[in-house]
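Engineer: Please find one structure pasted underneath; my questions will follow.
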Amino acid sequence: MELRHLRYFLVVAEEQHFTRAAERLGMQQPPLSQQIRLLEQELGFELFRRHPKGADLTAGGKVFLEEAKAILRSVELASQKAARAAQGFAGTISIGFTSSAAAHPLIPGIIRAYRQAYPGVHMALTEANAAELTEDVMHGKVDMGFLRQPVAQPQGIAFHALVEEEMLLILPAGHPLLADARKRGRRAGDDAMPEVSLKALAGEEFILVRRHGAPGMYSNLIAACENAGFTPKIALEIDRMLTNISLVAAGVGISVVPASMKSFHRESVVYCRVKDARPALLAPINLVCRGEPAGPTQQNFLKLAREFPGRAGG
């Protein structure tokens, strides 16, 4: 039994006439009658009671009609679902992110836009550090991840640069360096952010994200300090950038974070621009994924992220 036999049967049942059914199907009447006879032989009972004016369904034919309709509806639904999945409009996708990357408005913007464009795709979200995300993508535990600086570049893994922003110095409110910094800010304009020379931080104690979690930004800061003539004192290493803002607020030390995080703890910390840093203290955002995204849901997400409006801005 083939699906075409069921479709032939449905049209004959609707028309109650073999000749009219054949015309509707675009075929000759004898081959249609033969196909229905073969279907009846396979089923073991007659579907129609033939008479000079047409064909009426038998008792068995009436029951088979409902089942045939259900089968064809299921096939149509399965076809539609499969087509949606093939185009990336259905399925699942898992997205990871670091806390500092998620603080940038670009990331929730991309996720929101994807959910609106592909509401039939279930999205699983998870947080980890950059090293963990890269590892999870490599082993297929996560499809894609938003992170800052790549911690490693394993074979078969791709990093797509989305945006780059400056790093800001965080000082606890009332820090002695802020008096001079605010004077410079007032000279530059009432709304200007305070500026602090990197050299002025030589005696300070730094709170930094652990090297394995953010090696690029960590090493850039170390290099910039050394180029300014000092090796920074590390008071504490932590796993998440959000934590170091809280610790600066508690007076444990000073730190640097991406500019997009400057809304946190504004009542107890002050964000400042860093002058004279070589290399410049920058915080990129990258989307990590396998070199060839596995399926259409991942391909659609990558395309949307790379084309998202505003990704060129800091």
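The values are calculated or read from the model by the stated rules, or taken from the named source; none is laboratory data. Everything numeric in this text was worked out from a predicted model, so none of it was measured. Because the Cβ atoms are built from the backbone with ideal geometry, glycine has one as well, and the counts that use them run over all protein chains shown. Areas reflect the complete protein model, heavy atoms only, side chains present, ligands, DNA and RNA absent. Shrake-Rupley method; radii C 1.70, N 1.55, O 1.52, S 1.80 Å.
Engineer: Output the residues belonging to the stretch 118-127 that are surrounded by fewer than 20 Cβ atoms within 10 Å (Cβ to Cβ) and over 22 Å from residue 167 (Cα atoms).
Structural biologist: Matches in the stretch 118-127: 119, 120, 122, 123, 124, 125, 126.
Engineer: Is there any pair linking a residue in the stretch 178-207 that is modelled with pLDDT under 60 to one that is in a strand (DSSP E or B) and not polar (S, T, N, Q), with Cβ under 6 Å and at least six apart or on different chains, and which?
Structural biologist: 184/195
Engineer: Counting only residues that are hydrophobic (A, V, I, L, M, F, W, C) and within 46 Å of the chain's Cα centre (by Cα), which one in the stretch 61-72 is most open to solvent (accessible area, probe 1.4 Å)?
Structural biologist: Going through the qualifying residues, I end up with 71.
Engineer: If you go through the stretch 1-14 one residue at a time, how many are open to solvent by less than 50 Å² (accessible area, probe 1.4 Å) and under 15 Å from residue 58 (Cα atoms)?
Structural biologist: 4
Engineer: Scan the stretch 128-172 residue by residue and report those that are open to solvent by 60 Å² or more (accessible area, probe 1.4 Å) and either farther than 25 Å from residue 309 by Cβ or of a type outside the set (D, E, K, R) (or both).
Structural biologist: 132, 135, 138, 139, 141, 153, 155, 161
Engineer: From the list 139, 122, 160, which one is in contact with a Cys (Cβ under 8 Å, 6 or more places away or on another chain) and within 15 Å of residue 95 (Cα to Cα)?
Structural biologist: 160
Engineer: Among (1) open to solvent by 20 Å² or more (accessible area, probe 1.4 Å); (2) among the small types (Gly, Ala, Ser); (3) under 16 Å from residue 169 (Cα atoms); (4) at pLDDT 90 or above, where does residue 255 come up short?
Structural biologist: Going through the list (1) open to solvent by 20 Å² or more (accessible area, probe 1.4 Å); (2) among the small types (Gly, Ala, Ser); (3) under 16 Å from residue 169 (Cα atoms); (4) at pLDDT 90 or above, residue 255 breaks only (1).
Engineer: Could you tell me which numbered condition residue 294 fails, if it satisfies all but one of (1) closer than 17 Å to residue 146 by Cβ; (2) at pLDDT below 90?
Structural biologist: Going through the list (1) closer than 17 Å to residue 146 by Cβ; (2) at pLDDT below 90, residue 294 breaks only (1).
Engineer: Name every residue in the stretch 222-252 that is over 22 Å from residue 102 (Cβ atoms), open to solvent by less than 20 Å² (accessible area, probe 1.4 Å) and part of a helix (DSSP H, G or I), in order of residue number.
Structural biologist: Within the stretch 222-252, 224, 225 meet the criteria.
Engineer: Contact list please: Cβ distance under 9 Å, first residue in the stretch 2-14 and free of Cβ contacts under 8 Å to residues at least 12 places away in the same chain and of a type outside the set (Val, Ile, Thr), second residue assigned to a helix (DSSP H, G or I) and crowded, with 20+ Cβ neighbours inside 10 Å, pairs at least six apart or on different chains.
Structural biologist: Sorted first by the residue in the stretch 2-14, then by its partner, the pairs are 14/21.
Engineer: From the set of residues in the stretch 87-117 that are open to solvent by 40 Å² or more (accessible area, probe 1.4 Å) and aromatic (Phe, Trp, Tyr), which is nearest to residue 300 (Cα to Cα)?
Structural biologist: Out of the qualifying residues, it is 89.
Engineer: Right, here's the next one. Could you please find all residues in the stretch 17-60 being in contact with an Asp or Glu (Cβ under 8 Å, 6 or more places away or on another chain), closer than 18 Å to residue 3 by Cβ and open to solvent by less than 70 Å² (accessible area, probe 1.4 Å)?
Structural biologist: 21, 40, 47
Engineer: Can you tell me how many residues in the stretch 226-251 are closer than 23 Å to residue 193 by Cα and either in contact (Cβ under 8 Å) with a residue 12 or more places away in the chain or not β-branched (Val, Ile, Thr) (or both)?
Structural biologist: 11
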